[in-house]
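**Q** One structure, pasted below without further comment.
Each value in this text was obtained by applying a stated rule to the coordinates, not by laboratory testing. Quantities reported herein were computed from a predicted structural model and do not represent experimental measurements. Reconstructed Cβ throughout: ideal geometry from the backbone, glycine too, with neighbour counts over all protein chains shown.
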Amino acid sequence: MAEIKGDRIFFYDAECSGEGPVSQSRIMIMRTSAAFCAVPTAVNPLPPPSAHANLAHMTHLTTASGAHVSTTTFGTMQFGGNADAAASRAMYDAARTAGITHFDTAVMYADGASETLLGQFIKSERDAIYLATKVGYIGGASRANMTAHFDQCRKQLDQDSVDLLYLHRFDDDTDLEETFATFADFQQRGLIRHIGVSNFAAWQIMKAQSVAQKLGTRIDVVQPMYNLVKRQAEVEIFGVAVDQDIKIVPYSPLGGGLLTGKYARGETGRITDNDRYNARYGQTWMHETARDLAALGTDIGIDPATLAVAWVAAHAAKPSPIISGRSTTQLAPSLAAENYTMDADLYAQITALSPTPPPATDRLEEA
C-alpha cells in the first residue's frame, strides 16, 4: 500500500512492518505476490503491443511512434475561444518547439472549436503527438452518451482514434460496468489506446479500477485539480495513483492565474470576474501564498508561473501538469517549466508557502 505524506511517499509491505520515505528522484514500488495477483495481466490488442502487456507497470505514456511523452501537457481549452485560430497556432508551435508532445482537449471546449483547431495542427505529425480528449461532462457516462460524444470528438478532430480518452467526471447515475464496458469496446475496436478519469475522488478511482480490471482493461491516467493552493489530491488521490501505477496529469497548476502574481499586482481575471473561480480561489491565505511565491520568484529571478508549474511536476509522484494560455506571451513562463529543473531545497521552500493538508485519517500527529 502506498500513502502520500506531503512531498514523501510511504510504501507499506504486507510481509514487513517497516516503512520509509522515497526520494523525489526515485520511486520504488514494493508489492507482495498477493498484490500482484490483484492486478491481472492482460494483453491489449491495440498498438503499441506493450501498452497493456503488464497491467502492474503502466506508468509511462508513449506516442504512437514509441517516444515517451513530454513532462508537461498542453491544454487547448482556449483554442477557438479566448485564443483565435492564429493565436492558437502560434501557441501550438511554441509548445512543439519547447518539446511538448502531450496535448489535451475535450469535446465541449469552445463549442468544439478546440478539437477542430487541434486536429488541424497535429495532422502532419500525428504519430509524434500524444492526443487526449474527454467526454461525459454533460449527459453522463452511459454507453449512448459516451459514444455520441466520442463520435463528435473524432469528427471534430478529424481523427479515427485518440491515444487517451477521459471520462470528464464521475456519474452517479450510470453503472460503472456500462461505462467501462464502453471504454473496453473502444479499445477493442482500436479507437483509443488508454483510459483516463478526471475529477474523480480516490474511492471512485479504486471502484472504477476494480470494474475495469474485471473487464480486462484498466485506468491508465487520472486528471485531478492540483496546485500550490489546491493540494487535496496529495491526501489520497496521489497515493492511489502511485499504488495502481496510474499516471497523474493534473490541471490548473497556476490556480486560475492566481499563482502568476497578477492579482497581487492589482490585475483582473477569472478570479475577479467569475463567481465559480472566485469561490474556488477567493480565500485570503491563498492570495497570501501567491504573493509569497511572486516575491520568491523576484528574489531568485524566476517567473512565479514557471515556479508554480515546475513545483507541481517536482512532486515525488511525478505528475505531468497541464499548462495553457491565451497567447504565446502569457504561455511562455509556464512553457519554460518543461525545461526547468527544481532542486529539492527550492521545492521544500515553495511547499512551505501553503498548508500541507492533513492525512485522510485526520490524525495530525501522524502526518
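**Q** State the Cα centre-to-centre distance between the range 259-328 and the range 174-204 in whole Å.
**A** Using only Cα atoms to place each centre, the spacing works out to 32 Å.
**Q** Here's something else I'd like to know. For LYS207 and ARG89, compute 0.36 nm times the residue count separating them, minus their Cα-Cα distance, and round to one decimal in nm.
**A** Once the chain is fully extended between LYS207 and ARG89, it gains 38.5 nm.
**Q** Antiparallel versus total DSSP beta bridges in the range 41-223: what percent is that, nearest 5?
**A** Counting DSSP beta bridges with both partners in the range 41-223, the antiparallel share is about 5 percent.
**Q** Tell me, what is the FRET efficiency for GLU267 and GLN120 to the nearest 0.05, using R0 = 30 angstrom and their Cβ-Cβ distance as r?
**A** Efficiency for this residue pair is about 0.40.
**Q** Under a cut-off of 20 Å between alpha-carbon atoms, report the lysines in cross-link reach of LYS318, not counting same-chain residues fewer than 8 places apart.
**A** Within reach: LYS5, LYS230, LYS247.
**Q** Right, here's the next one. Would you please classify the overall shape of the range 252-367 from the alpha carbon gyration tensor, given that a ≥ b ≥ c denote the square roots of the eigenvalues, rounded means a/c under 1.5, and beyond that prolate means a/b larger than b/c while oblate covers the rest?
**A** oblate
**Q** Over all Cα pairs of the range 291-335, how is the pair count split among 10 Å bins, expressed in % and running from 0 up to the last occupied bin?
**A** Histogram of Cα-Cα distances, whole percents per bin: 28, 47, 25, 0.
**Q** Ranked highest first by average number of other Cβ atoms within 10 Å, how do 124-130, 339-345, 359-365, 152-158 line up?
**A** Order by mean packing, descending: 152-158, 124-130, 339-345, 359-365.
**Q** Here's something else I'd like to know. If r is the Cβ-Cβ distance from ALA360 to THR298 and R0 is 51 Å, what FRET efficiency results, to the nearest 0.05?
**A** 0.90
**Q** Mind giving me the FRET efficiency for SER327 and GLN349? R0 is 25 Å, r the Cβ-Cβ distance, nearest 0.05 is fine.
**A** Result of the calculation: an efficiency of 0.25.
**Q** Additional query: Ratio to report: Rg/Rh of the range 41-223, with Cα atoms as the point set and Rh obtained by the Kirkwood method; give two decimals.
**A** Using Cα coordinates only, the ratio equals 0.95.
**Q** Further question on the same structure: Find the relative contact order for the range 41-223 and round it to a whole percent, using C-alpha pairs within less than 8 Å whose residues are 6+ positions apart.
**A** Result for the range 41-223 is 19 percent.
**Q** Follow-up question, since we're still on this one. Taking neighbour Cβ counts within 10 Å as the exposure measure, how do SER320, SER114, SER327 sort from fewest upward?
**A** Ranking SER320, SER114, SER327 by Cβ neighbours within 10 Å, fewest first, gives SER327, SER320, SER114.
**Q** Now for a different question. For the range 134-267, go through all pairs of different Cα atoms, get the mean of 1/r, take its inverse, and jot down that Kirkwood value in Å.
**A** Hydrodynamic radius (Kirkwood, Cα only) of the range 134-267 equals 15.7 Å.
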